[in-house]
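Read-outs: derived from the displayed coordinates by stated rules, not from any lab. This structure is a prediction, so every number in the text was calculated from the model and none was measured. No Cβ is skipped: glycine too gets one built from the backbone with ideal geometry, and neighbour counts run over all protein chains shown.
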Amino acid sequence: MASYPEATPTRQVDNERVCVTEWRFPPGHATGWHRHGYDYVVVPATDGVLTIQDKDGKTFESPIKLGQSYYRQSGVEHDVINLTDREIVFVEIEFKTPM
């Protein structure tokens, strides 16, 4: 697995119910390997194509579109990488408590 500089996370809200983080991915940056402990929603702030590396080491492209949110359940394990030539930004909302 290749090593990439870390994308820039900016925590906007962090309380007992939710954690909201803006992620900025300059070209060639990544989140680093992680496992999601909470259900979450991603709200893209830009269009772009991110590369996802899953727990088995397989990679695939994941296009995101400005304003088209998506939901994932806890337990997802991956690294999210920007292999494009422009910055990609999204906001991640993690739900710490059941709704």
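Where does the charge balance sit around Thr21 when Lys and Arg score +1, Asp and Glu -1, over other residues with C-beta under 10 Å from its C-beta? Walk me through the intermediate numbers first.
Numbers: positive: Arg11; negative: Asp14, Glu22, Glu92, Glu94.
Taking every other residue near Thr21 into account, the sum is -3.
So what's the net charge close to Val89: Lys and Arg +1, Asp and Glu -1, counting the other residues with Cβ under 12 Å from its Cβ? Working shown, then result.
On the way: positive: Arg24, Arg86; negative: Glu22, Asp47, Glu87, Glu92.
Charge balance near Val89 sits at -2.
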Cα centroids of the stretch 57-73 and the stretch 9-47: how far apart, whole angstrom? 12 Å
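I want the local charge near Ile52. Using Cβ-Cβ distances under 10 Å, sum +1 for each Lys or Arg and -1 for each Asp or Glu among the other residues.
-2
Would you mind calculating the gained length between Glu22 and Ser3 on full extension (0.36 nm times residue separation, minus the Cα-Cα distance), in nm to one decimal?
Numbers: separation 19, 0.36 × 19 = 6.84 nm, distance 2.16 nm.
Here the answer is 4.7 nm.
Assuming a ≥ b ≥ c are the square roots of the Cα gyration tensor eigenvalues, decide whether the stretch 8-95 counts as rounded (a/c under 1.5), prolate (otherwise, with a/b larger than b/c) or oblate.
Details: a/c = 1.68, a/b = 1.23, b/c = 1.37.
Oblate, since a/c reaches 1.5 and b/c is not below a/b.
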With each label point set 7 Å from Cα along the Cα-Cβ vector, what nm distance links His36 and Val76? 0.3 nm
